Amino acid sequence: MEITKNQTFEKFEESFKAFQEASDLTKREHASKLASQIDILSLSEDGISYLYKRSVELDEQGLFSGTSWAEPTKLIPTLVKGTLLAGHPSSSFEIVSDLRLLAYAKGAESNMISQPVAKTLLEEVLVHNLEFALNDLSEDTRQTMSEREVKKAINLFSFLLSETPIEGIYEKLALEVDLICSQRPVETRKARELIRLIDQRFQPSGESKHDQLVRTFINALKAPTTFIAKERSTPEAYIDFIQSCSADELKSEAIEMGESMVRTGLVSQYHAYLLLYLVKDNHALVPACLGLNERGSAEWEKFKDIIVSLISEIVTPNNYQCIYGLSWVLGRNLLSRRPVRAGLENLRRAKINPQVEKRILKSIDDPDSSVTALQYLLGGTLKVLGQPLGVGQGNNPTCQSARGISMWSQHAPAKLIDMIITVATQNNLIMRFENQDLESIKLGKGLVEKLDFNLDVVSAILVPHLDRIYNEMMKRSMGRADDPHRWVNPAMYGHWIPVGFASCYDYTSNSILDFEGFIRIFYAAFHPLYNDNNQVLYPIPVGIYVTSNHGDMLGFHAISLLRVDKDPSGDYRAYFLNPNNEGRQDWGQDIKPSVHENGEKAGESSLPFHQFAARIYAFHYNSLEATAHLHLVEDESIQEVKKLAQESWGKSYNWIEQPKLW
Amino acid sequence: MAKCFALMGWSLPVIESMQKTGKPFVVVSFPDFEPYAKENDIPFVPYQLDEWSDTSNSLDLVEKLNAYNADVAVPLFEETVEWAGALNSIYRNDPRVLNRAFLFRNKAMMKRKALIGGLRVGLFEEVHNKEGVKAFMKRLNEANLQLDGEEDSWVHIKPFASAGTVGHRLLKSMNQIDEECEDGDFPCLAESHLSGREFSCEAFIHGGKIKFLNITEYVKLGYSNFIPEGHYLESKRDLIYKHVQKLVDIFGIEYGMVHPEWFLTENDELNFGETACRIPGGHILELCGKSYEFDALAAFVQIHDPSLTDEELAEILPPEGFKPKNYHGNVMIYPHKKQFSKLEIPEELNNESYFVDHTLVPPLSTQKISDERAGFGNHFGTINFKGEDPDRMTELLKYYQKVDFYV
């Protein structure tokens, strides 16, 4: 029996009335009942705006009296997230508290707090909770918060963001855009939303660093070339222009267009018009328009026909972000591999299963009826092939699957294409595990309860299958007295994964066993100073403990170690893929993975080597090689890591020092 | 009219209701509550209610309450029933009022009284150790003409003087007696298993007559109930009414509220379970008040006043023949797992038109439930429902009792 919006509001009002009628003696009890109505209202956008309208009265009637929200001027913006993480009823009170701040910031009368103070508070609250406002959750949020609480928080903050006067957080938002885009994510929706928001709410016309930065991004979406900016050209006018302009003008359009894309990783609709025009009979300008590097240009020369037909088939004025993917498919010389060419050819002719088609369209923000699911899928495939490190898990607990897609894209692109084709046409996938075939549609649920479709197209169709297979492999490996990943990773990801495996977690005793020996292997296997300066070849699956900004244990996470190198300042850093695409990471103890300015390639995260080591609990390695280097590792390095580990996640376990036979 | 009610025990909802009536009252409870009472201007007499000594006894308490002109005592909790009995026997100058209070506090005595008066009760006996329980079960088996290999007859044991389900054990076999009974359980009452559909009544008594009878439908004992009763029990209302009045007559209850529990068999026979005379658990009076649109707590207190006139009675109780518009029910939520970390409210509850509100709270980080539970243990909150169809209500309460809110 579904109930209507009005009924929900009525129930709230009934409960509010009972609350008002209660004397001080039972006020708190009634407040907790009222909170259960607030909880339900905050699950919908209408509910949030309804609560906003009632927030001042709720405050005046004493919803917060006797609680830590009682005096609004004493609220601490950094504590808001923790309160939301605590769940109902705290989160429900917090929501009304933030909504009343908004009301006071917009001029509602209060004898508790002035308008400017309310405004400053609110801005700070927003800055600290952008992940909710932008629907881009951090790992600790995902680990701690239930789906329901996430929904409430996202509703609250999208409302606050759309209603708050936000001049005060301009710089923070500018940096946020930079942080997201510098990772070159495959899925650009969050970046676009944020840029659009800044564009609507601010006038970044000055010469400050932030203004310039922000303008670059806004232009990448709205006016990627000087001509478009100057003329404020509509797409229609732009088509007229490129058809009638001089050869020089056309050339500079192509160059500027390519440059804007290379600079930001963002593609605009104009780009599609220009590129589609150039592939008709201006082939010479295509490399510039695609922003190709030298290798890319060579690839263009070699496979011009194929590329032209790919562009004409896939790129449309409503399917254009894939141009950036294509640029890197060429830059990575992927077409020079016959299986990739053949795979793409096969995919072009694929007949998509209706179920899969639904999933594809669901993952597209605002699917255009002129673009087919196959076109979207082909575009998505180009993106994933071109930007392997831009693959993300979205708001799903599927780091393992994302890690796999990224790895196949880097090292087995044709295998990935083949998986895409199988899933797209059959809505099924087979992998083999210990001599038994696992067929995804015949398996039980994986880790995902309900896939969040804020995902790139390829992930949206592959992850449901990969997730089930992965989970089945895990189930079959349980109870073997070691971490199931030891067997699952090589089977799931393929022969690129070394079979050697070390885990410091002892399943039988639920404790950390011989951590020193464990770290010694890690250093001997991966640190260039101890491993004969050998480099990491293929991505190494690593299990890490995710910790809060206080260093407290939150949960487990799957990442890939990509390389270990000296950073610009000469220190050794571990560069890794975090499928979470998180820019603002703080793992406590001053361990803050960075995503740029420390030698990272787009999409990589990095940490000083010892800090990285202090968060790992399992990794794969070449056991034959590493053993020879064990004695080289200095005890000091090991102790440094051990201390960090013991004082953070390590507090959640018993530590057994007894040496283990690795 | 009573000059002042002495409320025996600390209950904020009752205090609030009494404040609303504007009738004079004074709260008697442990000294711990004194600061709060002072701060909130609640008339209060601190008393060590768990002690009986030269300085802590009813004569002394009467003295203290004289300052407030108290002349009617009201037991709010099981543990204050004797205190209220003692005070009222002084106020009414009738020593038997105290003896009657003991009836409510000794389940064996209660059963004997019921049996003498002609109510149907199970076979019962006071037992002092495991052997006693076994002997009781053996005799019960014999009486039930047990053959070799047949299951033992079920036996319940319960402390003489605890509220509701506290300390209650159901023993289904001889082995279970050995495994589960502890020395601390004894002495207690052993009782044969009564079959039938269990429900409770809340009968407001004045001058020895039922002035208002509420029937509470138990969906699952200790978990969920709703008011008024569903269609089936409603059709037996007359029968139930007669039995409750009979109970009142047998026990000689004049003023107050009784909360007996009954088992209704398929042959329309009522087995008497037990009765109490304080505020029942399970938020029953809250539900009752909502359905019958009156302040059930204030009525509970005032019905203890012998001097109430018929007009005054009519004011505090629902009108005769009042038909509630809605059924109000609740389900108390207990965690199903022993270890859990999150409160998860299922989506379907948001869209449930019968849903009113809930008082569930999240666990403290990762919380474990200890193995020792008194009665059904402490519940983590209540979910309230309201609606017009008792069958739908039953369905909902059954359903949500099975949902695990703590994961």
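Details
- Take B:383-390, B:336-343 and order them by the average number of nearby Cβ atoms within 10 Å per residue, most first; the result is B:383-390, B:336-343.
- 5 angstrom amide H check on residue A:500, placed H, neighbours 5+ away: A:621, A:623
- Net charge dipole, the range A:227-274: roughly 160 debye, given to the nearest 20, about the Cα centre with Cβ charges of +1 for Lys and Arg and -1 for Asp and Glu.
- For the peptide A:12-19, the mean number of other protein chain Cβ atoms found within 10 angstrom of a residue's Cβ is 1.
- Between residue A:624 and residue B:129, the simple spin-label model (points 7 angstrom out along Cα→Cβ) gives 7.5 nm.
- Per-residue ellipticity at 222 nm, computed for the protein assembly as shown from helices alone with -39500 (n - 2.57) per DSSP H run of at least four residues, works out to -14000 deg cm²/dmol.
- DSSP beta bridges confined to the protein assembly as shown are antiparallel in about 85 percent of cases.
- Qualifying trypsin sites (Lys or Arg not before Pro) for the range A:421-495 [loop in DSSP, other Cβ within 10 Å: at most 14]: A:445, A:450, A:480
- Along each principal axis, Cα extent of the range A:170-222, largest first, Å: 31, 18, 17
- Amide H contacts of residue A:588 (H built 1.01 Å from N, under 5 Å, at least 5 apart or other chain): A:551
- Overall, the anisotropy analysis places chain B in the rounded class: the square-rooted eigenvalues a ≥ b ≥ c of its C-alpha gyration tensor yield a/c less than 1.5.
- Positive-end residue, the protein assembly as shown charge dipole about Cα centroid, Cβ charges, pick of B:116, A:384, A:186: A:384
- By accessible area with a 1.4 Å probe, ligands and nucleic acids excluded, highest first: order of B:275, B:359: B:359, B:275
- Among the GluC sites (Glu not before Pro) in the range B:1-57, those placed in a DSSP loop whose Cβ has at most 14 other Cβ atoms within 10 Å are B:51.
- Three-way shape call for chain A based on the alpha-carbon gyration tensor, with the a/c threshold at 1.5: oblate
- Only Cα pairs under 8 Å and 6+ residues apart enter the sum, and on that basis the relative contact order of chain A stands at 10 percent.
- Charge dipole (the range B:5-104, unit charges on Cβ, about Cα centre) - positive-most of B:35, B:53, B:25: B:25
- Rolling a 1.4 Å probe over the heavy atoms of the protein chains gives the range A:245-352 an accessible area of 42 Å² per residue.
- Accessible surface, per residue, of the range A:170-222 when the full set of protein chains is kept, probe 1.4 Å, Å²: 45
- The trypsin sites (Lys or Arg not before Pro) of the range A:203-287 that DSSP puts in a loop, and whose beta carbon has at most 15 other beta carbons within 10 Å, are A:232.
- Summary of the geometry: the range B:284-341 and the range A:82-96, compared by the centres of their Cα atoms, lie 32 Å apart.
- In straight-distance terms, cross-link reach from residue B:398 covers every one of the aspartates and glutamates whose alpha-carbon lies under 19 Å from its own, apart from those fewer than eight places away in the same chain; here that gives B:198, B:217, B:229, B:344, B:347, B:348, B:352, B:357, B:388, B:389.
- Amide H contacts under 5 Å for residue B:120, placed H, 5+ residues apart: B:272
- R0 of 60 Å, Cβ-Cβ distance residue B:64-residue B:182: FRET efficiency to nearest 0.05: 0.95
- Counting, for every residue in A:98-110, the Cβ atoms of other protein chains within 10 Å of its Cβ and taking the mean gives 0.
- The lysine pair tally for the range A:191-299, using Cα distances under 24 Å and a gap of 8 or more places or different chains, is 6.
- Counting only residues at least eight positions apart within a chain, or on another chain, the lysines with an alpha carbon under 21 Å from that of residue B:64 are B:3, B:23, B:38.
- Per residue of B:189-196, other chain Cβ atoms within 10 Å of the residue Cβ number 0 on average.
- Straight-distance candidates among the aspartates and glutamates for linking to residue A:362, with alpha-carbon spacing under 12 Å and chain neighbours fewer than 8 residues away dropped: A:452, A:456.
- Listed pairs B:209/B:290; A:152/A:450; B:172/B:402; A:566/A:601 exceeding 19 Å between Cα atoms: B:209/B:290; B:172/B:402
- The range A:39-100: C-alpha gyration tensor shape, a/c 1.5 cut-off, then a/b vs b/c: oblate
- Once the Cβ-Cβ distance of residue A:171 and residue A:516 is raised to the sixth power relative to R0 = 56 Å, the FRET efficiency obtained is 0.80.
The values are calculated or read from the model by the stated rules, or taken from the named source; none is laboratory data. Not measured: the values here are computed from a predicted model. With ideal geometry, Cβ positions are generated from the backbone for all residues, glycine too; neighbour counts draw on all protein chains shown. Areas reflect the complete protein model, heavy atoms only, side chains present, ligands, DNA and RNA absent. Shrake-Rupley method; radii C 1.70, N 1.55, O 1.52, S 1.80 Å.
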